[in-house]
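The values are calculated or read from the model by the stated rules, or taken from the named source; none is laboratory data. Only a predicted model underlies this, so the values are computations on that prediction, with no experimental measurement involved. With ideal geometry, Cβ positions are generated from the backbone for all residues, glycine too; neighbour counts draw on all protein chains shown. To get the accessible areas, we keep the full protein, side chains included, count just its heavy atoms, and leave off ligands, DNA and RNA. Shrake-Rupley method; radii C 1.70, N 1.55, O 1.52, S 1.80 Å.
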Amino acid sequence: MSVISVEKDFDSLSFLLVAEFEAPIERVWQLWADPRQLERWWGPPGYPATVEKHDLVPGGEVTYFMTGPGGETSHGWWRVTSVDAPGSLEFTDGFAKEDGMPDPEMPTQRVQLRLAEQDGRTRMELRFIFESPEHMEQLERLGAFEGIPESVGQMDAVLAADMKVEREE
């Protein structure tokens, strides 16, 4: 797995994941920018995502739902605040109700993605910033701090499968 570190910091209300990939920055960026590729890794294993809307521009939104092994669904949304392809993306991430509308009962968090290329490899820093200690604790109870590294770990398989297809062509 490409995840090299995970850091929970309750003092700064943040969760930072660092990963490195054997792929150029443009290829790793596509895992975020292409909704069909995002579906292949966003969400923990066993809970595949279906992206309904994907407007990755400042002011745009991404809406999706994840389907669990028993058919249950969990809905979510992003409100995009900043995009500087292929190096960075920032958005607010939240839970949604069944109808796709934001769930005001659930916390939101700011997400900062930074990609940097060095020697053909890409380093990804993914930081979640929480509104309050209570929100951070709530997401910890929901399993987000285990689920995020599991989700990111699936990026390797997407990159490897695509590299295999490229070699076969």
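For every residue, the table says whether it meets (1) out of contact with any Leu (no Cβ under 7 Å at 6 or more places or on another chain); (2) among the acidic types (Asp, Glu); (3) part of a loop (DSSP other than H, G, I, E, B); (4) farther than 21 Å from residue 45 by Cβ.
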residue	(1), (2), (3), (4)
76	yes, no, no, no
80	no, no, no, yes
83	no, no, no, yes
86	no, no, yes, yes
89	no, no, no, yes
92	yes, no, no, yes
104	yes, no, yes, yes
115	yes, no, no, yes
(request) Could you check, for the stretch 131-153, whether at least one of its residues is of a type outside the set (Asp, Glu), modelled with pLDDT of 95 or more, open to solvent by 40 Å² or more (accessible area, probe 1.4 Å) and closer than 15 Å to residue 16 by Cα? (result) no
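Residues are listed down the side, and each one gets a yes or a no for (1) over 20 Å from residue 107 (Cα atoms); (2) open to solvent by less than 20 Å² (accessible area, probe 1.4 Å); (3) among the basic types (Lys, Arg); (4) part of a strand (DSSP E or B):
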site: 19; (1), (2), (3), (4): yes, yes, no, yes
site: 30; (1), (2), (3), (4): yes, no, no, no
site: 46; (1), (2), (3), (4): yes, no, no, no
site: 63; (1), (2), (3), (4): no, no, no, yes
(request) Could you grab me the full set of residues in the stretch 77-110 that are open to solvent by 30 Å² or more (accessible area, probe 1.4 Å), touching a residue at least 12 places away in the same chain (Cβ under 8 Å) and either on the phi > 0 side of the Ramachandran plot or among the aliphatic types (A, V, I, L, M) (or both)? (result) 83, 85, 106
(message) Just the residues that are assigned to a strand (DSSP E or B) and in contact with a strand residue (DSSP E or B) (Cβ under 8 Å, 6 or more places away or on another chain), please, taken from the stretch 118-135.
(response) 121, 122, 123, 124, 125, 126, 127, 128, 129, 130
